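Novice: Below you'll find the structure I mean.
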Amino acid sequence: MQRIGVLTSGGDAPGMNAALRAVTREALARRAEVVGIRHGFAGIVRQEFIELSRSRVGGILERGGTILQTARYEEFKRPERQRQARAILRDQGLIGLIVIGGDGSFRAAQRLHLLGLPTIGIPATIDNDIPGTDMAIGVDTALNTVIRAIDRIRDTATSHSRAFVVEVMGRRSGYLALAAGLAAGAEIILVPEVPLDLRWVVSRIKRGEELGKQHSIIVVAEGVCPEGSAGYQIAREIAQQIDYEIRVTVLGHVQRGGSPSVFDRLLAVRLGAAAVDRLLDGSSGQMVALQGNAIITKKFSECLRRRKRIDRELLKLAHRLAAD
């Protein structure tokens, strides 16, 4: 029987376990054995391998996180580590590797591909910052977590006539802040892709006061201020120029956890099965992706040469709708 490997790498995302289950069961259905690799690419070098069976991946579809655990492994950027990993995987009898993760994980997968080891990627990152796919596994669940928090915060903001700054994840990408802010009706959305203009923020809050608005919700991506907490820094600046109280909520890693949504489960199942099919059919150096309602493939080289951009028209729409 053919043997394939699978690992999860980088930040965890709800739905990774659903993808692992799909990879394992689709491979077994195609008469291929599956080897799970714990702790991402570090686990290859440490040879942390486990055999995955139908029963071993049973009962994990609804669980957040990843049963294989994940890690960032800076050592893998070194060519000698890449060659070592390729040799170890060959010694294990693996014909290829499926990598579940974000762009950093795909860069590592691309290096193994260039060294002759077939690799297929499954996008899983709550930032939704991978070009070539409309959505990545985990995004929908994270957005619903953020929305529930903002809805509750607005109740308090309204009751006490306060402004709330809600900091969400997103160091380089503002997708989570934009989508959640638009869906929650936030008055202001701040993202890393747009230069911060505190005078505009203050003027917008004051304009709201003039119109009788007694509360404001400001959604901030963490990458808006590279140093320190973006939420607290922005709140300090604003507090000096407006008349009512400001509170800060940093949602942090709560956004990564929780049982995956129906959308993320379905996406994980489709992408997981497609990744196995592509790998066993001889493809390599590619990511399976969602475009519209179709599962397609994109070369790693195409995805990694550019950055995914947010839709600035949606940002303008969000601010127009919350203007009064």
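Novice: If you average the C-alpha positions of region 11-58 and of region 169-184 separately, how far apart do those two centres end up, in angstrom?
Specialist: Between the Cα centre of region 11-58 and that of region 169-184, the gap is 30 Å.
Novice: So how far, in whole Å, is the C-alpha centre of region 104-138 from the one of region 70-100?
Specialist: Distance between centres, Cα-based: 14 Å.
Novice: Same structure again: Which one, Ala180, Tyr232, Val165, is farthest towards the positive end of the dipole of region 141-256 when Lys and Arg carry +1 and Asp and Glu -1 on their Cβ?
Specialist: After comparing all options, I get Ala180.
Novice: Follow-up. Please give the FRET efficiency for Ile242 paired with Leu317, using the beta carbon to beta carbon distance and R0 = 25 Å, rounded to the nearest 0.05.
Specialist: On the way: r = 25 Å, r/R0 = 0.99.
So, using R0 = 25 Å, E works out to roughly 0.50.
Novice: Then there is this: Placing +1 at every Lys and Arg Cβ and -1 at every Asp and Glu Cβ, with all other atoms neutral, what dipole size does region 141-256 have around its Cα centre, in debye to the nearest 20?
Specialist: Details: 14 positive and 13 negative charges, 38 e Å.
In debye, rounded to 20, region 141-256 gives about 180.
Novice: Scan around Gln2 for amide H atoms under 5 Å from its own, H built in the peptide plane at 1.01 Å from N, and keep only partners 5 or more places away or cross-chain.
Specialist: Those lying under 5 Å, H to H, from Gln2 are Glu33.
Novice: Which lysines does Lys206 reach when only Cα atoms under 27 Å apart count, and residues fewer than 8 places away in its own chain are ignored?
Specialist: The reachable lysines, counting only those whose Cα sits under 27 Å from Lys206, are Lys316.
Novice: Then there's this: Taking the number of other C-beta atoms within 10 Å as the exposure measure, put Ser216, Ser301 in order starting with the fewest. Before the final figure, lay out each step's value.
Specialist: Values: Ser216 24, Ser301 12.
Going from sparsest to densest Cβ surroundings: Ser301, Ser216.
Novice: Percent relative contact order of region 141-256, based on C-alpha pairs within less than 8 angstrom and at least six residues apart? Walk me through the numbers before you get to the answer.
Specialist: Values: 204 pairs, mean separation 44.9, N = 116.
It rounds to 39 percent for region 141-256.
Novice: Quick check on region 141-256: take the gyration tensor over C-alpha atoms, sort the square-rooted eigenvalues as a ≥ b ≥ c, and tell me if it's rounded (a/c under 1.5), prolate or oblate. Walk me through the intermediate numbers first.
Specialist: Details: a/c = 1.73, a/b = 1.25, b/c = 1.38.
Note, shape of region 141-256 comes out oblate.
Novice: Okay, moving on. Helix hunt in the chain: which complete DSSP H runs extend at least 30 Å axially by C-alpha with mean Kyte-Doolittle at least -1.0?
Specialist: Details: long enough: 139-160 (32 Å, -0.15).
Counting only whole DSSP H runs, the qualifying helices are 139-160.
Novice: Whose amide H sits under 5 Å from the amide H of His215, counting only residues 5 or more places off or on another chain, with H placed in the peptide plane?
Specialist: So His215 has HN proximity to no qualifying residue.
Novice: Treat the count of other C-beta atoms within 10 Å as a stand-in for reagent exposure and order Ile246, Ile50, Ile295 from fewest to most. If you can, show how the numbers build up before the last one.
Specialist: Details: Ile246 21, Ile50 14, Ile295 18.
Placing the least packed residue first, the sequence is Ile50, Ile295, Ile246.
Novice: With charges set only on the Cβ (+1 for Lys and Arg, -1 for Asp and Glu), what does the dipole of the chain come to about its Cα centre, in debye to the nearest 20?
Specialist: Details: 46 positive and 35 negative charges, 195 e Å.
Roughly 940 debye, rounded to the nearest 20.
Novice: Considering only C-alpha atoms, what is the centroid distance from region 143-168 to region 225-281, in Å?
Specialist: Cα centroid of region 143-168 versus Cα centroid of region 225-281: 15 Å apart.
Novice: Which order do the peptides 178-186, 24-32, 109-117 take when ranked by the mean count of other beta-carbon atoms within 10 Å per residue, highest first? Mind dumping the intermediate values first?
Specialist: Working: 178-186: 22.4, 24-32: 18.0, 109-117: 19.8.
Highest-to-lowest ranking by the protection proxy: 178-186, 109-117, 24-32.
Novice: Separate question: Taking 0.36 nm per residue of separation and subtracting the Cα-Cα distance, what length does fully extending Asp91 through Trp200 add? Numbers along the way, then the final one.
Specialist: Details: separation 109, 0.36 × 109 = 39.24 nm, distance 5.95 nm.
Using 0.36 nm per residue and subtracting the Cα-Cα distance, I get 33.3 nm.
Throughout, read-outs are computed from the coordinates displayed, never taken from laboratory work. For clarity, every value in this text was computed on a predicted model and none was experimentally measured. Please note: Cβ atoms are built from the backbone with ideal geometry, for glycine as well, and neighbour counts cover all protein chains shown.
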